[in-house]
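Asks: Quick one: the structure is below, questions incoming.
The values are calculated or read from the model by the stated rules, or taken from the named source; none is laboratory data. Remember, predicted model here, so these are calculated numbers, not experimental data. Note: ideal-geometry Cβ built from the backbone for every residue, glycine included; neighbour counts use all protein chains shown.
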Amino acid sequence: MSLTDPASQVPSASPQPAPQGTTAGRIEVSGLTASYRRRPAFTGVAITMEPGKVTALIGPSGCGKSTLLRCINGLHMTVPGASVTGTVLLDGTDIYSPGVDLVQVRRHVGMVFQRPNPFPTMSIAQNVAAGLRLGPRQQRRAARLDEVIERSLNQAGLWEEVKDRLDKPGGSLSGGQQQRLCIARSLAVQPQVLLMDEPCSALDPVSTLVIEGLITELKKTYTVVIVTHNMQQAERVSDVTAFMTVNGPGEPGQLVEVASTRELFSQPAEKATVDYITGKVG
Amino acid sequence: MTAPLTPRAPQAPRLDGGDAGLTRRHARDRAMTVLLATVMAITLAVLAWVLVYVAAQGLKYLGPAFFTQTPPGNPAQVGGGYANGIIGSLIIVGIATVISVPVGIAAAIAIIEYPGRLGAATSFVTDVLVGVPSIVTGAFVYALWVTRFGYSGLAGSIALAIIMLPLVIRGTAEMLRLVPVALREASSALGVTRARTIVSVVLPAARAGITTGVMLAVARAMGETAPLLLTTLGNSLFIQANPTQRMSTLSLQIFGDAITGFQSAQARAWAGALTLILIVLILYIAARLTGRRLTLTRS
């Protein structure tokens, strides 16, 4: 995998799952500090996110968990005044080293946002194909869009619901369907990693369950990182949980502990974690 | 230090509206509603009055011949039409639109999408340009262009393009600002470059608003008269579709006929005014319809 040479990134006709047992999509964060206009959002974060697993980031508002997520695909850097120090390795390559194009990184690290955000001027099919249609020319030519659209919508569990109205606007779907459309849109560019920033917080409980089931399915193929405010959700869907906290408003957030989800919720090592998961703070 | 808030003394809440404060708030609410409704009614009435009056005066003379004939050589004569002015207006404003819209949209993108010194400078120049009286723009083009190449439709187009430019920039910038960050981020997160995001996601999302802004600029240019007196001068005698020559426009013909004092000429001017409004209306509807079709069928 190369992050610097777009010419070598010609995908096959369909979103091909990474072969079982490979390490593609391993994220290693170390010594990471992210700032907005010199004001750190969090400092000194080190965490590894393994392929085939769901890593949940939990913690109170303002602890920097969303910012951490946005550092993994470099979206943090699109905010004016934003900066990072430290390293984020994607399969051994530091995405913040000179010569690495963050636009290229984002073709390997997909992201789903808190609110469903389908492109309003595009149909359902066009939304799914957007990443390919607006991507590098080689990909646009090589990809067989119809197959990619069907595959991606199938992976997002939406195909059966929309196959007869692919030319309808993306905004015509329900909230939960729109969010799955956004997931399909991310999968269409065949990333190795899928970042999800509170993907269910704008959805009703039924849609939430559908998405959670989907996450469990997707982790077989992708490294999944999910930010959530909902601790039950973290327990239900994740294999590893990272707890972040913040001492007060304006202070930088800290990563308190990372452990397997079962361990973190049953035998947390730190007192701050105990207080948070038992509801004493936050 | 202020005293902490404490719960009100337990008391049955009054829900019958007998509370004097509540009555006063209701009265104020009603008064404001009436005031705002009145102001709105007055505004709409003035607009309707203008439209109805122009339509009533214009329809007295407007007929098929108005669109096919040129005015009579002697303005006192009855008859004739504004065919040359209609053609001139469409050509001159058309060229001005072709010049100003791409430049204006590009400038708006610079202001909104690439904030920094260049964007701020562009924004400042735009604000200054908006305030320049159109006769000054006309004099500017006269000095730079007409003194060298003579009066022509093209000189008029240049003057109108300068007048339209800040309107297009402002309208477009306003619309780009309304496109949610979430859409730009969704596109970025797919590994789409910033330039491609602007062209394929941001601009289409703002298309309806940009069209409206452009049409406002077109409407303004259609009605401009002063700068055209200094640049294209007018040509009431025959149909001239070559923009390198002197051309007539609707606005120039309306002006020319309106100041004659002959009833026959003034009748033509009213019909011309109505034609001007109709042309702007038709262009606006056409632009909105094409915009919508593009949005739905683009693959």
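Asks: Conditions first: (1) under 14 Å from the mean Cα position of the chain (by Cα); (2) polar (S, T, N, Q); (3) over 30 Å from A:Pro268 (Cα atoms). A:Ser238 passes all but one, so which condition is the exception?
Replies: The single condition A:Ser238 does not satisfy is (3).
Asks: Please count how many residues of the stretch B:123-159 are of a type in the set (Phe, Trp, Tyr) and over 20 Å from B:Ser89 (Cα atoms).
Replies: The qualifying residues number 3.
Asks: Right, another one. Out of the residues in the stretch A:198-228 meeting the condition of being charged (D, E, K, R) and not in a helix (DSSP H, G or I), tell me which one is farthest from A:Cys63 (Cα to Cα).
Replies: A:Lys220
Asks: Do you know which of the residues in the stretch A:174-202 that are closer than 27 Å to A:Met231 by Cβ and charged (D, E, K, R) is nearest to the other protein chains (Cβ to nearest Cβ)?
Replies: For the stretch A:174-202, the residue satisfying everything is A:Asp197.
Asks: Further question on the same structure: Taking the stretch A:144-197, which residues are more than 20 Å from A:Lys219 (Cβ to Cβ), among the polar types (S, T, N, Q) and part of a helix (DSSP H, G or I)?
Replies: Within the stretch A:144-197, A:Ser172, A:Gln177, A:Gln178 qualify.
Asks: Among the residues of the stretch A:65-77, is there at least one that is over 25 Å from A:Thr208 (Cβ atoms) and part of a loop (DSSP other than H, G, I, E, B)?
Replies: Yes, the stretch A:65-77 contains a residue that is over 25 Å from A:Thr208 (Cβ atoms) and part of a loop (DSSP other than H, G, I, E, B).
Asks: Tell me yes or no: at least one residue of the stretch A:34-41 is of a type in the set (Gly, Ala, Ser), free of Cβ contacts under 8 Å to residues at least 60 places away in the same chain and over 16 Å from A:Asp197 (Cβ atoms).
Replies: There is at least one residue in the stretch A:34-41 that is of a type in the set (Gly, Ala, Ser), free of Cβ contacts under 8 Å to residues at least 60 places away in the same chain and over 16 Å from A:Asp197 (Cβ atoms).
Asks: Quick check, is B:Ser236 more than 14 Å from chain A (Cβ to nearest Cβ) and part of a loop (DSSP other than H, G, I, E, B)?
Replies: yes
Asks: Show the residue pairs that are 6+ apart or on different chains and have beta-carbon atoms under 6 Å apart, the first residue being within the stretch A:263-282 and touching a residue at least 60 places away in the same chain (Cβ under 8 Å), the second being assigned to a loop (DSSP other than H, G, I, E, B) and surrounded by 14 or more Cβ atoms within 10 Å (Cβ to Cβ).
Replies: As it stands, the answer is A:Tyr276/A:Gly282; A:Gly282/A:Pro60, since those pairs meet every condition given.
Asks: List the pairs whose first member sits in the stretch A:78-94 and is within 14 Å of chain B (Cβ to nearest Cβ) and closer than 18 Å to B:Gly191 by Cα, whose second member is part of a strand (DSSP E or B) and not β-branched (Val, Ile, Thr), and whose Cβ atoms are under 9 Å apart, counting only residues at least 6 apart or on separate chains?
Replies: Note: pairs meeting the criteria are A:Val79/A:Tyr36; A:Leu90/A:Glu28.
Asks: Confirm whether A:Val103 is within 8 Å of chain B (Cβ to nearest Cβ) and without any contact (Cβ under 8 Å) to a residue 12 or more places away in the chain.
Replies: Yes, satisfied.
Asks: Is it fair to say B:Leu144 is more than 10 Å from chain A (Cβ to nearest Cβ), in contact (Cβ under 8 Å) with a residue 24 or more places away in the chain and surrounded by fewer than 17 Cβ atoms within 10 Å (Cβ to Cβ)?
Replies: Criteria not met by B:Leu144.
Asks: Then there's this: Out of the residues in the stretch B:70-122 that are among the polar types (S, T, N, Q) and assigned to a helix (DSSP H, G or I), state the one that is surrounded by the most Cβ atoms within 10 Å (Cβ to Cβ).
Replies: Looking at residues that are among the polar types (S, T, N, Q) and assigned to a helix (DSSP H, G or I), I get B:Ser89.
Asks: Something else now. So A:Arg180 passes all but one of these: (1) within 26 Å of B:Gly191 (Cβ to Cβ); (2) of a type outside the set (S, T, N, Q); (3) surrounded by fewer than 24 Cβ atoms within 10 Å (Cβ to Cβ). Which condition number does it fail?
Replies: A:Arg180 satisfies every listed condition except (3).
Asks: Consider B:Pro204 carefully, then state whether it is touching a residue at least 60 places away in the same chain (Cβ under 8 Å), surrounded by fewer than 21 Cβ atoms within 10 Å (Cβ to Cβ), within 14 Å of chain A (Cβ to nearest Cβ) and not hydrophobic (A, V, I, L, M, F, W, C).
Replies: yes
Asks: So, of the residues in the stretch B:171-190 that are under 30 Å from the mean Cα position of the chain (by Cα) and outside any helix (DSSP H, G or I), which turns out to be farthest from the other protein chains (Cβ to nearest Cβ)?
Replies: Within the stretch B:171-190, the match that is farthest from the other protein chains (Cβ to nearest Cβ) is B:Val179.
Asks: Consider A:Gly171 carefully, then state whether it is within 14 Å of another protein chain (Cβ to nearest Cβ) and more than 19 Å from B:Gly191 (Cα to Cα).
Replies: Judged against the criteria, A:Gly171 is a match.
Asks: Does B:Leu296 satisfy being at pLDDT 90 or above and more than 20 Å from B:Leu228 (Cα to Cα)?
Replies: no
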